[in-house]
1. Sort C32, C21, C247 by Cβ crowding within 10 Å, fewest neighbours at the top.
2. For E227 and L168 in one chain, what is 0.36 nm times their gap in residues minus the Cα-Cα distance, to one decimal in nm?
3. Compute the distance in nm between two label points, each set 7 Å from the Cα along the Cα-to-Cβ direction, one at R293 and one at Q319.
4. Only Cα pairs under 8 Å and at least 6 apart count here; give the relative contact order of the stretch 28-90 as a rounded whole percent.
5. Neighbour counts of other C-beta atoms within 10 Å: give me E210, E241, E26 arranged from fewest to most.
6. Within the set of other residues whose C-beta is less than 13 Å from the C-beta of V45, count the net charge using Lys and Arg as +1 and Asp and Glu as -1.
7. Can you compute the label reach from K72? Point 7 Å from Cα along the Cβ direction, backbone N cut-off under 18 Å, restricted to the stretch 170-186.
8. Let me know the shape class of the stretch 2-167, please: from the alpha-carbon gyration tensor, a ≥ b ≥ c as square roots of the eigenvalues, rounded when a/c is under 1.5, otherwise prolate if a/b is greater than b/c, or oblate.
Amino acid sequence: MSVLFETSLGDIVIDLEVESCPKTCENFLKLCKMYYYNLNAFFNVSKDFLAQTGDPTATGTGGECIWSYIDKSSPRYFTPELVPKLKHTHKGTVSMAIAPALEDGTKGGCGSQFFITLADNIDYLDGRHAVFGHVVEGFETLDKLNDVFVDDQGRPFKDVRIRHVVILDDPFPDPPGLIQPPSSPTRPPDNSTRIAEDEDPLATLPEEEEEERRRQAAARASALTLEMVGDLPFANVRPPENVLFVCKLNPVTRDEDLELIFSRFGTIMSCQVIRDKKTGDSLQYAFIEFDKREQAEQAYFKMQNVLVDDRRIWVDFSQSVARLNNTWSNNPKMGSRMGGGRGEREEGGRRSGYGGRDDLEETSRYRGSGGGRGRGDDYGMVFDLGDRDDRPRKRRSRSRDGERDGRKRKLSRSRSPPPRDRNKRSSRSRERQRSRR
């Protein structure tokens, strides 16, 4: 009766002493059938001595027999089967670790932990632990396990795990209540902080890839900072893929000109040349929003470095999320107010829209809720120039200070001397001139 262990260092095949140790072999096989040993770590490795595993907690204090695993009211351990003729004579001997009795009254015995010897003639273990199998294939794997680097507690710095267990032959019927899981576990049962068994600590990436990863990490940190200060609605926001940024424009180029030129690539939802807020002069860049991403990509490839109004323009995909930030608030209670129906709605009690979608794509977020051109279609930039005629004029409210200022003006006017008569002034000047003569 054999079992195949697929470890991170290689495969190991174990033959079991079914006739000599039936209870121990039954416990071992049924635990293998329940995927109990899958992703367990070798938590204690002593060079030229043994390698211990079978504890899901990887601490040396966990584990239980199959009967306790099925029924928690059953004892945690079972009585070990110590057979005098089975000794730790050869390398690759497999034995169950016998736990001592605990202070709370729990009797000692065999649970789930077992170990494999890594050298010959280890007489010290004879009579202390129950031998129930031998390694018949995979001695090169044992050599690799014997050479791993460990700490002062015998735990490998890099995890060595049992990836999968295959039962080649099982002569025992299943005990009552045993139900095999549908699949093997995907996560280790212990919270290991060691180097993962599939990770290479000495592996180095190319310089370009390392630089790219550093830039991505820096970008994530910057985005998180901007989210904290309120400049971004959330850190993982990304710009739309259907909006183009066009720069190096001629100051005389108008919105209508760009819309006419780019309309041959598809339906344009909005086209706006950004202008100075005070003077209305063009800042020589614009945003063009297409209905579909494919249309924006085609315009990007075709219009790069094209001559428009005696200027070679530069076209790129927009990286601005300013418009998105205008419709979001970091306060959850203000989300429905700020959304205003522009890209955010309620579906079945769950908020959807930008935050409810992974791709964060909504073409309407760059247009006003009215759907028409005008102030609702601008991009919320610092230098946007809206329709001045449509702006509401502020009414001057007469405050108390204003009334006081008016009274001061009237008082100053009343105290000023009255204007002189021009005719009297001209006659006096004539008399003075005659007297001088």
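Values quoted throughout were computed directly from the atomic coordinates according to the rules given, and no laboratory measurement underlies them. It should be emphasised that the depicted structure is a prediction, and the values quoted were computed from it without experimental measurement. Positions of Cβ are generated from backbone atoms using ideal geometry, with glycine treated the same way; all protein chains shown enter the neighbour counts.
1. The order, fewest Cβ neighbours first, is C247, C32, C21.
2. Length gained between E227 and L168: 15.6 nm.
3. Between R293 and Q319, the label points sit 1.9 nm apart.
4. 20
5. Lowest count first: E210, E241, E26.
6. Spelling it out: positives minus negatives among the neighbours equals 0.
7. Those under the cut-off are 177-179.
8. Verdict is rounded for the stretch 2-167.
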